[in-house]
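Note sheet for the following structure.
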Amino acid sequence: CHEKIKNQRKDFQHKLSRELAERYDAVCVEDLNLKGMSGGLHLGKGVQDNGYGQFLFMLGYKLEECGKHLIKVDRYFASSKICSVCGHKKKELALSDRMYVCGCGNRMDRDVNATVNIREEGKRIYKECA
């Protein structure tokens, strides 16, 4: 049963990484420390089993085959703490705070806010290296 799930995950990762490599000139991701996350935040086996590292490997080589780019945004970039609308950086943001709320009026899911910031930082890195 575990082997079947493993193969299904791998098949999905191959298909998704191929689709992304064909569709985009560059893909921006957060350069996460998966080993550190699996021990430090009580996320454990869930982080190890999700196949993120394997997916990034597949995505990286498929983008390279297409002459495209995988841009890794530094794991210490404060993607969750920066307002994606006005750029204000919060000093503190607890993991339990699921909504990002800023004085400028921005109110959105913290993960969506972080995603926008990772994309924008990736674009900046891409332009800098081009």
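Bear in mind these aren't lab numbers, they're just calculated from the coordinates by the rules spelled out. Here the structure is a predicted model, which means the values were calculated and not measured. Cβ placement follows ideal geometry from the backbone for every residue including glycine, while neighbour counts extend to all protein chains displayed.
Structure summary
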quantity	calculated
Relative counts (whole %) of C-alpha pair distances in the chain, using bins that are 10 Å wide	12, 33, 36, 18, 2, 0
Ellipticity estimate at 222 nm from DSSP helix runs (n ≥ 4, -39,500 (n - 2.57)) divided over the chain, nearest 500	-17000 deg cm²/dmol
Cα-centred dipole magnitude for the chain, charges only on beta-carbon of K, R (+1) and D, E (-1), debye, nearest 20	200 debye
Beta bridge orientation in the chain: antiparallel %, DSSP, nearest 5	45 percent
Selected from 85, 116, 27 as most flexible by GNM, with the chain as the system and alpha-carbon contacts under 10 Å	85
Choice from 64, 22, 92 with maximal GNM fluctuation in the chain (Cα, 10 Å cutoff)	92
Cβ charges +1 (Lys, Arg) and -1 (Asp, Glu), total dipole of the range 77-130, debye	100 debye
Tilt relative to the chain, helix 110-129 - C-alpha long axis, 0 to 90 degrees, to 10	80 degrees
Degrees, to the nearest 10: 52-65 long Cα axis against longest axis of the chain	80 degrees
Gain on full stretching of the segment that runs from residue 1 to residue 109 - 0.36 nm per residue minus C-alpha separation	35.4 nm
For the range 77-130, the Rg and Dmax computed from alpha carbons only, in angstrom	11.6, 38
Highest-fluctuation residue, 15, 91, 72 considered, GNM on the chain with Cα pairs under 10 Å	91
Relative contact order for the range 77-130, counting Cα pairs under 8 Å that sit 6 or more residues apart, in percent	36 percent
